[in-house]
Every structure is written in structure tokens, then in C-alpha cells.
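The values are calculated or read from the model by the stated rules, or taken from the named source; none is laboratory data. This is a predicted model, so every value here is computed, not measured. Glycine gets a Cβ as well: all are built from the backbone with ideal geometry, and neighbour counts include every protein chain shown.
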């Protein structure tokens, strides 16, 4: 009897722990608040603009080790709005948009069957460097397909990241063929898996975010060009800012719950700005002359292809929407132009001017600034 009471008492204690202490621990495990980050203004802006308009094409950030590249990306999770998905669907299928549905959901819709849905947080999936192609794309069980005549598909990371974010740390160390797969899926919005005559196609629309240290190798130019925006991150040199960063990190590590509460208002405010910007994005119009100026800018910088033009136009509209305006001004284009074009410039070892300064100089000449 004595041992029974001990067990029962321990069980009650665990129940209490699950309702209180576990919640506190769960909060401690949350990411560092996005609004509490110091510096890295361009990186934060690029991420926000891609959340507002995923068609911008993702973000590639390159910088020194220990500059918080991963911290910035993972802190974005709490700002992502919830999405409506079909219950028990491994592809996060949209209940109404056919472009974001899996084949099974499409068939249910055509039959007129009732579809049950729920809301989940926008998924963020980390892709490890050692991931295989099957882990990324998914696999088909050929044996089951031949015996039962059914397409037994085990979804990969691309399926889990659909309608969310796929983050690749040290993307410059990832095998080129995997980078090709990621970029093709991110651009096309679909993932196709074929094996022994069996083919599976599912939606794979996600924001691709990569980070890396240039000392460990650069991405091939043709791959780098596929990222919508590029950010160069440098170590902060200002002693006061460095001290402030260390203090905030220490405070978060020691009193995470209180720290999160302190920044909750700013987090909610920014989240609402992003949601409102998403809703008003279709209303933003760019004057024809601004489009011509952007095209002339890309042409004068000798940028190959038209991705630079497209990304810049989309980024400008997202930035205007973020600032709750309807019309574009020169400053909006100036703010996003380097993020959209700097990685598309051709490298000339004999060029004395910095790439960013070259963009600014060309911008000023086209827009009539001295």
C-alpha cells in the first residue's frame, strides 16, 4: 500500500508538471524573437518581403560564421500566419486552391466528398546537409505498387515544406544536384518523383532560404541567380551593439519566458503588418515609367536574363504593401534594388568599384539624382 501511494503521488506530480512546468519549458524552446534582433537589417527585410510574396524566390545569405544567420531565419517562425490545410494530408494541401492540392484531395473535390480542414502554423523545415535525394523528394514503394496496384508514396521534405519555408544551412556545401532539385521545385511549385515507370506529382511551393560562409565555398553563379534575393552579412564592429547583443542573448537564455513576453507586443504588431501586407499586395500598382527605369537599370548593369527585373518589381510591391501604401516612390526601389540584383552582377576582377556602389551609382544616374 505504501508503494502504491508513492506511485500515485508521483503520477499526480507528473500531471501537474505537464500542465505548468512543461509549458514553461516549451516557451524556453521557442526561437529568439525576431523583433529583438539587433542589426542585420537587410536580412530581416528580405525575409519579411518573401513572406509577404513568396513568388520573390527566396533568400540567400552569405556571411561570417557566428553572425546569427540561422538565428534570424528560425526567429521568423513566430511571425508566420496560420494556414488552412486538409486533415491528414501529408502535403499541407489547400482546401480550395487546385494549384496547392495533392492528387488525392483533387479527386475528393471532383467526387463532391466532404473535406475536413484545420489550421496549422506555417511549416518551417530544416534540410540537413547529409540528406539523400529520396529523403528530399520522397520515395515510391515499388513492391507495393506492383503487388497491390496502388501508388505507395512516402513524402519527403519537399512535401512537408509545401506552403511553408525550407531552410538549408550551409547551402554552399550541399550537393549541386540537390540544389538543382530544390531550386526547380521552388520555381515550378511541383515535385515529381519517378521510379520504374511509376510517377508521383505533388505541390511543393515553399520559400527557399539558404545560408552559408563564403570561406567554405561559393555557390555556382547559375544557382545563385535562382535565389530571388541575396544578403551579405558582416560581423558587427560597433562595441556598444556587440555588448547589447550579448546581453539580450544572455537574458533570453536565463529568463526566456519573461523575455518573450517583453517582446510579444512588437511580435504581434509586425505579424499583423505582414498579414495586412499580404492582403493588400494585389492592390499595389507600379507606374509604367518605374518599370522602364528598373529594366534600364538591369540592362545598364549587364545582368543576364529577366529574373532581376521580375524579382525587383515583386519586391518593390511587397515593400510598399508592408508600409501600408498603394503607390511606389523612388525610395522603395532604392531600398530593394541591391538585395534583388547584387548577386546577379558579373564579377570583374579589374573593377575597382564595389558591386553595391555600382548599383547605387547606376540607380542615381537613371533616376536623376546627382
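Answer yes if at least one residue in region 344-354 is surrounded by fewer than 12 Cβ atoms within 10 Å (Cβ to Cβ), farther than 29 Å from residue 183 by Cα and touching a residue at least 24 places away in the same chain (Cβ under 8 Å), and no otherwise. Checked region 344-354: no residue is surrounded by fewer than 12 Cβ atoms within 10 Å (Cβ to Cβ), farther than 29 Å from residue 183 by Cα and touching a residue at least 24 places away in the same chain (Cβ under 8 Å). When region 175-193 is limited to residues that are under 22 Å from residue 216 (Cα atoms) and touching a helix residue (DSSP H, G or I) at 6+ places or on another chain (Cβ under 8 Å), the one that is surrounded by the most Cβ atoms within 10 Å (Cβ to Cβ) turns out to be 182.
Here's the yes/no breakdown for (1) surrounded by fewer than 18 Cβ atoms within 10 Å (Cβ to Cβ); (2) in the same structural domain as residue 305 (by TED's automatic domain parsing):
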residue	(1), (2)
204	no, no
246	yes, no
291	yes, yes
294	no, yes
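Just one of the listed residues (6, 80) is over 13 Å from residue 209 (Cα atoms), surrounded by fewer than 19 Cβ atoms within 10 Å (Cβ to Cβ) and at pLDDT 85 or above, and it is 80. Of the helices (runs of 4 or more DSSP H) lying entirely inside region 100-185, those carrying at least 2 residues that are modelled with pLDDT of 85 or more are 103-111, 133-137, 157-160. The set of residues in region 83-130 that are surrounded by fewer than 17 Cβ atoms within 10 Å (Cβ to Cβ), assigned by TED's automatic domain parsing to the domain that holds residue 159, touching a residue at least 12 places away in the same chain (Cβ under 8 Å) and within 16 Å of residue 158 (Cβ to Cβ) contains only 126. The conditions of being on the phi < 0 side of the Ramachandran plot and assigned to a loop (DSSP other than H, G, I, E, B) are met by residue 227. Entry remark, region 314-334: residues being over 19 Å from the mean Cα position of the chain (by Cα) and either over 13 Å from residue 276 (Cβ atoms) or part of a helix (DSSP H, G or I) (or both) number 9 in total. When each of 228, 308 is tested for being crowded, with 17+ Cβ neighbours inside 10 Å and outside the structural domain of residue 337 (by TED's automatic domain parsing), the lone residue that passes is 228. Among the residues of region 285-301, are any outside any helix (DSSP H, G or I), in contact (Cβ under 8 Å) with a residue 12 or more places away in the chain and under 30 Å from residue 78 (Cα atoms)? Yes, region 285-301 contains at least one residue that is outside any helix (DSSP H, G or I), in contact (Cβ under 8 Å) with a residue 12 or more places away in the chain and under 30 Å from residue 78 (Cα atoms). As a summary of the residue check, residue 215 satisfies the conditions (1) part of a helix (DSSP H, G or I); (2) under 18 Å from the mean Cα position of the chain (by Cα); (3) within 27 Å of residue 42 (Cβ to Cβ) except for the one numbered (2).
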